[in-house]
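All remarks here apply to the structure that follows.
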Amino acid sequence: MMHLLRNARGMRVAIDAHDASVRAWWAPDRYGRLADVLGAAPPAARAPAGWQCAPPDDGRLLLHLAHDGLSVRLAYRLDDDGSLHLDCAATADTVSRFALAAPRFNLQGGRAAVGDHVLRLAADRYRPGPWPGGCAGDAALDVAGSAFDFRQPAPLASRLAWPALVNLPGFRHDFYWTGSGPLREAARVADPASGRVLRFSSTQDSCHLYSDARCFSLLAQGAQMQPGQVMGFQLAYRLGVQDLDAFDISEPVSMMSNK
């Protein structure tokens, strides 16, 4: 069953109660035109199914999962400032693997390319992806001087053109920054064509960046939970509009990839 959250700005967020994933998000561009800014459905196989939930109440949706010794409570809240908040608490009675399905964004809407999307990510370390030249067990590396240094904003396509990444389909990397605790902004993505800007905030000290030709995602990493372990975190995605000049972009943006 699909549930809709709405706010006073006309935004609508569709959440699938089967796997607790965000399936659609209609948001205005710089001219006030609404479009669904999710470029693709998240891979359902990676997220537990069988969530229970009540109908949305005042922009808030509560979900609960009890599956194979894992108990999870998840709350979604859509605020009038364009923020979608996720508050998650999980408890394990047995060894359990837990991860949420990541919403995959295309801020221009439709099937346009996302290569011109400009990313700023406050991470100073990254972990190579699981392909030739890197594996999931590799130690985190310093981003300085590499294609993975997004501390200054840069378009996704310009970094994927670097020799180290030119043969990869996109980013599949974990990024790390110093410190966890209060909810704080960790990343910002801007689309020069629509003027939409996505701000990603987290209480954790890391996130996973995924991208391909048509979409990208930012999400908390999955966790292997031990018996008796309790895990809790908060995330927020805030959608708005912003003039591209507000970004101090260190590399050129080409509009050609969106045509």
Quiz prompt | Of Cys215, Cys207, Cys53, the one that fluctuates the most in a GNM where the chain has Cα springs shorter than 10 Å | solution = Cys53
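For region 111-210, state which chymotrypsin sites (Phe, Trp or Tyr not before Pro) are in a DSSP loop and have at most 12 other beta carbons lying within 10 Å of their beta carbon.
Values: sites: Tyr126, Phe148, Phe150, Phe171, Phe175, Tyr176, Trp177, Phe200, Tyr210; in loops: Phe148, Phe150, Phe171, Trp177.
Answer in residue order: no site qualifies.
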Self-check item: Radius of gyration and Dmax over the Cα atoms of the chain, both given in Å
Solution: 18.0, 52
Practice problem: Could you let me know the centre-to-centre spacing of region 163-214 and region 54-115, using Cα atoms, in angstrom? | Solution: 17
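Would you mind classifying region 50-198 by shape? Square roots of the alpha carbon gyration tensor eigenvalues, ordered a ≥ b ≥ c; an a/c under 1.5 is rounded, otherwise it is prolate if a/b is larger than b/c and oblate if not.
Judged from the Cα gyration tensor, region 50-198 comes out oblate (a/c at least 1.5, b/c at or above a/b).
A short reminder: the numbers here are calculations on the coordinates, not readings from a lab. Owing to the predicted nature of the structure, the values given are computational and were not obtained by experimental measurement. All Cβ positions, glycine included, derive from the backbone under ideal geometry; neighbour counts span all protein chains shown.
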